[in-house]
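First comes the structure, then the notes that go with it.
The values are calculated or read from the model by the stated rules, or taken from the named source; none is laboratory data. All figures in this text were calculated on a predicted structure; none of them were measured in a lab. Here the Cβ positions follow ideal geometry from the backbone for every residue, glycine too, while neighbour counts run over all protein chains shown.
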Amino acid sequence: MVDTARQKALIEAVAQAVIAHAGELTALDQAIGDGDHGINMKRGFEAVLADVDAHAAKPLPEALKAIGMALVMKVGGASGPLYGTLAMTLGKELPAEPSRDDLVRALGAAIEAVKARGKSDIGQKTMLDVLVPVRDALADGGDVAGAAAKAAEATVPMKAVRGRASFLGDRSIGHMDPGARSSALIVAAVAEALGEA
Amino acid sequence: MSDNVGIVIVSHSADVARGTADMVRQMVGDEVPLAWCGGDPGGGLGTNVESILKAIDSAWSERGVAILVDLGGAETNSEMAIEMQPAERQGRIVVCNAPIVEGAVMAATEASGGATLDQVKRTAEELSPG
């Protein structure tokens, strides 16, 4: 059961996790991207926080759609459309009271939508390299946050072929992908908030 | 409402977008609906959907709109903006795979002669390798 108080706590936990790590995300992005990932994500999630009561009062699917739209409008960069598409697709696919099976299926659909939006696939040093193992862990009933952290770590030796990092070619190897890191942060915050409730 | 295809210029930098639009205006003239945008929602370098939506509205033509972009996020945000358009506009807005400055001038030149959206896109994309 996702009630208003729990939904508010969940949204706040995710937003605060991203905002608290904005400096780290920017540092990762300065290594292989254009150095704006932390700033952009912070701006987007501050906008989400500003409307948290409205988001919390909506049924879960509608809240996810509204949050996705806020991210599209406020994050900027490529991350805005990518995270916005992720949230909006989850909103479109999830029922108001999702089961674990519903989450697995909806996350699968959201992963396909992110692939299409970013014209990317797994193994290319992107957020997909976290989202796909997370879906698998969710389907197997495993440790979702642990899978996310491990998957983000696994992007370190990968070579980027999408986004700004791809210009670096082999020089992108040896750095964690900032989008993979932000995805892992979000997954960990969701898992913790849901686990505690 | 112009009878010519409109051109939208989307750069990470408002200065680059404005400068490109200035070049189009000087080289091609005022026969083509033209709009530009650049910068993230906080006013820094980057692109954002909201300003792209406004630029599309401003350059809208019933013949369609061709968008010229610089780097990755500009393309991703432009595609997002296209999907958010009303159904009757879908299929009449395209992102050109072309260098932003040269592509904008070539696309606008083609558009100013009354070319279709397809012709405008093809002309801009002749500049792309491969």
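Quickly run through the stretch B:94-120 and pick out the residues that are outside any loop (DSSP other than H, G, I, E, B) and of a type in the set (G, A, S). Quick ask: steps written out before the conclusion?
Narrowing the stretch B:94-120 to residues outside any loop (DSSP other than H, G, I, E, B): B:94-96, B:100-112, B:117-120.
Answer for the stretch B:94-120, where residues must be outside any loop (DSSP other than H, G, I, E, B) and of a type in the set (G, A, S): B:G103, B:A104, B:A107, B:A108, B:A111, B:S112.
Of the residues A:L86, A:L60, which is within 20 Å of A:N40 (Cβ to Cβ), at pLDDT 95 or above and among the aliphatic types (A, V, I, L, M)? Before you say what the answer is, go through the steps one by one.
Details: A:L60 fails: within 20 Å of A:N40 (Cβ to Cβ).
On inspection, the qualifying residue turns out to be A:L86.
Provide a single number: the residues in the stretch A:97-118 that are farther than 19 Å from A:A184 by Cβ, among the small types (G, A, S) and within 14 Å of another protein chain (Cβ to nearest Cβ).
Number satisfying all stated conditions: 2.
Can you tell me which residue among B:V32, B:V10, B:V24 is assigned to a loop (DSSP other than H, G, I, E, B) and crowded, with 23+ Cβ neighbours inside 10 Å?
Checking each option against the conditions leaves just B:V32.
Select from the stretch B:56-93 the residues that are within 14 Å of chain A (Cβ to nearest Cβ), in a loop (DSSP other than H, G, I, E, B) and of a type outside the set (A, V, I, L, M) and write down the one among them that is nearest to B:G19 (Cα to Cα).
B:D70
Would you mind stating whether A:R162 is assigned to a helix (DSSP H, G or I) and touching a residue at least 24 places away in the same chain (Cβ under 8 Å)? Explain how you work it out, then say what you get.
On the way: assigned to a helix (DSSP H, G or I): no; touching a residue at least 24 places away in the same chain (Cβ under 8 Å): yes.
No.
Count, please, the residues in the stretch A:67-96 that happen to be more than 14 Å from every other protein chain (Cβ to nearest Cβ) and surrounded by fewer than 17 Cβ atoms within 10 Å (Cβ to Cβ).
Going residue by residue through the stretch A:67-96, those that are more than 14 Å from every other protein chain (Cβ to nearest Cβ) are A:67, A:90-91, A:93-96.
Adding the requirement that they be surrounded by fewer than 17 Cβ atoms within 10 Å (Cβ to Cβ) leaves A:95-96.
Count: 2.
Could you list, ordered by first residue, the pairs with Cβ atoms under 8 Å in which the first is in the stretch A:91-111 and assigned to a helix (DSSP H, G or I) and the second is hydroxyl-bearing (S, T, Y), at least 6 apart or interchain?
Within 8 Å, the pairs are A:A106/A:T89; A:A109/A:T89; A:A110/A:T85; A:A110/A:T89.
Looking at A:D34, is it in contact (Cβ under 8 Å) with a residue 60 or more places away in the chain, of a type in the set (D, E, K, R) and more than 25 Å from A:R135 (Cα to Cα)? I'd like the intermediate steps shown before the answer.
On the way: in contact (Cβ under 8 Å) with a residue 60 or more places away in the chain: yes; of a type in the set (D, E, K, R): yes; more than 25 Å from A:R135 (Cα to Cα): yes.
Spelling it out, A:D34 is indeed in contact (Cβ under 8 Å) with a residue 60 or more places away in the chain, of a type in the set (D, E, K, R) and more than 25 Å from A:R135 (Cα to Cα).
Of a type outside the set (A, V, I, L, M, F, W, C), at pLDDT below 95 and closer than 25 Å to B:G72 by Cα: which single residue out of A:G23, A:G38, A:G68 fits that description?
Numbers: A:G23 fails: at pLDDT below 95; A:G68 fails: at pLDDT below 95.
Step by step, each of A:G23, A:G38, A:G68 is checked, and only A:G38 is of a type outside the set (A, V, I, L, M, F, W, C), at pLDDT below 95 and closer than 25 Å to B:G72 by Cα.
Give just the number: which of (1) away from chain B (no Cβ under 14 Å); (2) within 23 Å of A:A22 (Cβ to Cβ) does A:I173 not satisfy?
Of (1) away from chain B (no Cβ under 14 Å); (2) within 23 Å of A:A22 (Cβ to Cβ), only one is false for A:I173: (2).
I need a count of the residues in the stretch B:96-122 that are crowded, with 17+ Cβ neighbours inside 10 Å and of a type in the set (D, E).
Within the stretch B:96-122, residues that are crowded, with 17+ Cβ neighbours inside 10 Å and of a type in the set (D, E) number 1.
Being within 25 Å of B:H12 (Cα to Cα) and among the basic types (K, R) is the filter here, so list the residues in the stretch A:146-172 that pass it.
Within the stretch A:146-172, A:K159, A:R162, A:R164, A:R171 meet the criteria.
So which residues in the stretch A:81-92 are touching a Lys or Arg at 6+ places or on another chain (Cβ under 9 Å) and either over 11 Å from A:K65 (Cβ atoms) or hydroxyl-bearing (S, T, Y) (or both), if there are any at all?
A:P81, A:L82, A:T85, A:L86
State which residue is modelled with the lowest pLDDT when the search covers only the stretch B:67-95 and only residues that are surrounded by 24 or more Cβ atoms within 10 Å (Cβ to Cβ) and among the hydrophobic types (A, V, I, L, M, F, W, C).
B:A74
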